[in-house]
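S.K.: Right, I'll just put the structure down here and ask away after.
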Amino acid sequence: MKLGTTMLSAFALTLAVALPSWAQVKELPKQSVTVSGTVETIDKTRRAVNIKTADGKFVALDVPASAKRFDELKVGDKVKATYNNNVMVRLKKPGEAAVDSADASSTMGKEAQPGGTASMVRTMTATITEIDKGASSMTFTGPNGWKYSRRIVDPTVFDQVKVGDKVDISWSTDATISVE
């Protein structure tokens with residue numbers, strides 16, 4: 001998975017679980033996923049790696065171009081990848097200015113072994129464009145036409161918002177990859 005796609009997918013999943021408190025900033029529980037295993041295959045052209053975990057499952061990873069020491073990775077290397085995601089959601093007041101900002105940093109390729117940490121902080125204003133109480137879902141549209149629909153766990157949320165409302169969504173994400 002590409003880091004940006006992974007971040008957006010994790011954000012959408014987290015948002016679906018925790019929209020119950022619109023009146024204030026709602027910080028959602030931090031999500032962490034760790035994958036450890038052995039490099040089984042490497043596709044250097046596509047920058048893709050397959051990792052076999054201890055339980056025999058395979059995990060496919062796309063390695064971003066920012067991982068400068070990708071060519072040093074070998075079949076048989078023991079690797080560990082950890083992904084953390086933290087999200088906050090806030091209903092915007094009418095007339096409040098929209099936001100769309102992102103900041104990223106990376107230590108990829110700067111350590112003794114291939115790997116490092118890449119992190120991103122993103123804040124954006126999204127508009128509720130559809131509410132489907134029957135399906136318990138909402139559709140949001142953000143900057144540049146970014147659009148997604150998510151299931152809403154708490155049905156009381158539907159009584160607190162309407163189509164056209166704007167929400168600020170902030171999330172910070174980091175991914176750490178190490179070769180052991």
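S.K.: Taking the conditions exactly as written (at pLDDT 90 or above and surrounded by fewer than 18 Cβ atoms within 10 Å (Cβ to Cβ)), does Ser32 satisfy them or not? Step through it out loud before you land on a result.
M.R.: Values: at pLDDT 90 or above: no; surrounded by fewer than 18 Cβ atoms within 10 Å (Cβ to Cβ): yes.
So Ser32 fails the test.
S.K.: If you take the residues in segment 44-86 that are of a type in the set (Lys, Arg) and outside any strand (DSSP E or B), which one is farthest from the chain's Cα centre (by Cα)?
M.R.: The extreme case among them is Lys74.
S.K.: Considering segment 87-103 alone, what residues qualify as being touching a Ser or Thr at 6+ places or on another chain (Cβ under 7 Å), within 27 Å of Leu61 (Cβ to Cβ) and modelled with pLDDT of 80 or more?
M.R.: If the condition is that a residue be touching a Ser or Thr at 6+ places or on another chain (Cβ under 7 Å), within 27 Å of Leu61 (Cβ to Cβ) and modelled with pLDDT of 80 or more, then no residue fits.
S.K.: Another question, if that's okay. List every residue pair whose Cβ atoms sit under 7 Å apart, with the two residues 6 or more apart in sequence or on different chains, where the first one lies in segment 71-93 and is more than 15 Å from Arg47 (Cβ to Cβ) and the second, anywhere, is among the basic types (Lys, Arg) and not in a loop (DSSP other than H, G, I, E, B).
M.R.: So the pair list comes out as Met88/Lys26; Val89/Lys26; Lys92/Lys166.
S.K.: Do you know which residues across segment 158-175 are surrounded by fewer than 18 Cβ atoms within 10 Å (Cβ to Cβ) and at pLDDT below 80?
M.R.: None; the set is empty.
S.K.: Next up: Got a sec? Which strands (runs of 3 or more DSSP E) wholly within segment 98-180 have at least 1 residues that are hydrophobic (A, V, I, L, M, F, W, C) and out of contact with any Gly (no Cβ under 9 Å at 6 or more places or on another chain)?
M.R.: Filter on segment 98-180 gives 100-106, 115-132, 137-141, 166-179.
S.K.: Something else: How about segment 43-70: which of its residues are surrounded by 13 or more Cβ atoms within 10 Å (Cβ to Cβ), in contact with an Asp or Glu (Cβ under 9 Å, 6 or more places away or on another chain) and touching a residue at least 24 places away in the same chain (Cβ under 8 Å)?
M.R.: Selection gives Val49, Ile51, Arg69.
Residues checked against (1) on the phi < 0 side of the Ramachandran plot; (2) polar (S, T, N, Q); (3) out of contact with any Cys (no Cβ under 8 Å at 6 or more places or on another chain):
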{"residue": "Asn84", "(1), (2), (3)": "yes, yes, yes"}
{"residue": "Leu91", "(1), (2), (3)": "yes, no, yes"}
{"residue": "Ser101", "(1), (2), (3)": "yes, yes, yes"}
{"residue": "Ser106", "(1), (2), (3)": "yes, yes, yes"}
{"residue": "Gly115", "(1), (2), (3)": "no, no, yes"}
{"residue": "Ser119", "(1), (2), (3)": "yes, yes, yes"}
{"residue": "Arg122", "(1), (2), (3)": "yes, no, yes"}
{"residue": "Thr125", "(1), (2), (3)": "yes, yes, yes"}
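S.K.: Still on this structure, please answer the following. Name the single residue, out of those in segment 106-115 being buried (at least 16 other Cβ atoms within 10 Å of the Cβ) and modelled with pLDDT under 75, that is nearest to Ile169 (Cα to Cα).
M.R.: Met108
S.K.: Val75 passes all but one of (1) more than 19 Å from Ser32 (Cα to Cα); (2) crowded, with 16+ Cβ neighbours inside 10 Å; (3) at pLDDT 85 or above; which number fails?
M.R.: Result: Val75 passes all but (2).
S.K.: Working only within segment 126-160, note down all residues that are among the small types (Gly, Ala, Ser) and closer than 16 Å to Arg90 by Cα. If you could, list the steps in order and put the result at the bottom.
M.R.: Step one: of segment 126-160, the residues among the small types (Gly, Ala, Ser) are 126, 134-137, 142, 145, 149.
Ala126, Gly142, listed by residue number.
The values are calculated or read from the model by the stated rules, or taken from the named source; none is laboratory data. Just so we're clear, the structure is a prediction, and the values are computed from it rather than from any experiment. All Cβ positions, glycine included, derive from the backbone under ideal geometry; neighbour counts span all protein chains shown.
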